[in-house]
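Reading through the structure tokens given below for one structure.
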Amino acid sequence: MSTAARQARNAYKYILQAGASAFLSFITLPIYTRILSPSDFGELALAQVYAVLMISIANFGFTEAVERNYFQYSDDSTRQGQLLFTAMLFVGLLSLVSISGTYIFIVPAAKVMGMQGNGNFLLWALIGQAIANINVYYFMYLKNNAEAGRFSVYSTLMAVANALVGIYFVVFIKTGPVGVLYALIISGTIGLALLTANFWKRYKLGINYAVFIDIIKIAYPLTPRILVGTLSSQLDKYLIRIMGTLGNVGIYAVAQRIAYFVFYFMTVLQNVFGPEVYKRLFSGDSNNKQKIGEYLTTFLYISTLFALTVVLFSQEIVYYLLGSEYVAAAEIIRSEEHTSELQSH
């Protein structure tokens, strides 16, 4: 199969997976918004802000370093396995330290986040985010190895599990917003078990100190930039909580969830062109490197078209998906997309 045909086939699989995940989100979001209040979504959003910040510190820039070194060891499957498991062990240990610290200092942490009544949300969100972060390394390997089929199957299974478990807890057991966090943990654990079973058959489990040093050399200079980026992307919800109410945070978070479908779609496209760009960079052929911009142009047009569609129909999306408490979300969706467009330029 030619490179172009293989990429087209992979793109088709990724888009199918993205469509299935988006469909599940469009089903569950209207159900949640008619049961959970904006204040409930506000608490969930603040818990996720805390979780993402803690895990970004624990991750220590390893995601970018591992993806870069994957291609450096492309001819050595043993080194690739050591790269994966060494990084996951280090990040997993730091994540456990973060979870333990949160458990010990959960009361002051909840006070800082402005959610004294539901401090346990911080712990559940952090556990779910930690599991999801470990899964990212498995999915990175599937993506870089152009295994779009496996990537899509595992992603879809986790999305289905998340939706079903979330609806079960929120709608039938009536746990309230914490049911959404339970769903994140359970679906992430299911994915982690399946992915681990698959990868342990393919790579020899091993830890390599030299590989670890190679990762650290690339990762630690990236950590400040990643931390600043995480703060800039998450701080808005915290500021809204300080200056406003939990309900305002909830409406903002729901609007962002819809707007971020555009970023999610772009990520799907990146799963297609990302490995190809890296291959061209490391191919040693100057012609391949010079044609990267031309190669990416088509993906730019496709992502821009999708973003414009969401902006133009934001009012209709809010009207049909959300309840009357979330009417203000439409304007936020448009402003989010406008901001992202300016940032991309």
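Numbers for the structure displayed
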| item | result |
| --- | --- |
| Packing-based ranking, highest mean first, of 179-191, 294-306 given that Cβ atoms within 10 Å are counted | 179-191, 294-306 |
| Rounded Å value of the spacing that divides the Cα centres of the stretch 70-125 and the stretch 163-233 | 8 |
| Pair T189, Q270: separation of 7 Å Cα→Cβ label points (nm) | 3.0 |
| Solvent-accessible area per residue for the stretch 152-204 (1.4 angstrom probe, square angstrom) | 50 |
| Virtual spin-label span in nm between T309 and A328, 7 Å along Cα→Cβ | 3.0 |
| Average Cα contact separation per residue, the chain, under 8 Å, 6 or more apart, as relative contact order % | 30 |
| Burial order of peptide ranges 80-93, 195-208 (average beta-carbon count within 10 Å, highest first) | 80-93, 195-208 |
| Extended-chain gain in nm, criterion 0.36 nm per residue less alpha-carbon gap, I35 and Y320 | 101.0 nm |
| Rounded D (µm²/s) - the stretch 58-184, Kirkwood Rh over Cα pairs, Stokes-Einstein at 37 °C, 0.692 mPa s | 198 |
| Furthest towards positive pole of dipole, V49, Q72, M113, structure part the stretch 23-160, Cβ charges | M113 |
| 0 to 90° range, to nearest 10: angle between helix 246-281 axis and the chain longest Cα axis | 10 |
| Sorted largest first, extent of the chain alpha carbons per principal axis (Å) | 56, 47, 36 |
| Segment I173-V112, length gained on full extension (0.36 nm per residue, minus Cα span) | 18.9 nm |
| Distance (nanometres) between label positions extended 7 Å along Cα→Cβ at Y103 and L205 | 2.2 |
| Computed magnitude of the charge dipole of the chain (debye, nearest 20; Cβ of K, R +1, Cβ of D, E -1) | 720 |
| 0 to 90° range, to nearest 10: angle between helix 209-219 axis and the chain longest Cα axis | 60 |
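The values are calculated or read from the model by the stated rules, or taken from the named source; none is laboratory data. All values reported here derive from a predicted model rather than from experimental measurement. Positions of Cβ are backbone-derived with ideal geometry, glycine not excepted, and every protein chain shown enters the neighbour counts. Areas reflect the complete protein model, heavy atoms only, side chains present, ligands, DNA and RNA absent. Shrake-Rupley method; radii C 1.70, N 1.55, O 1.52, S 1.80 Å.
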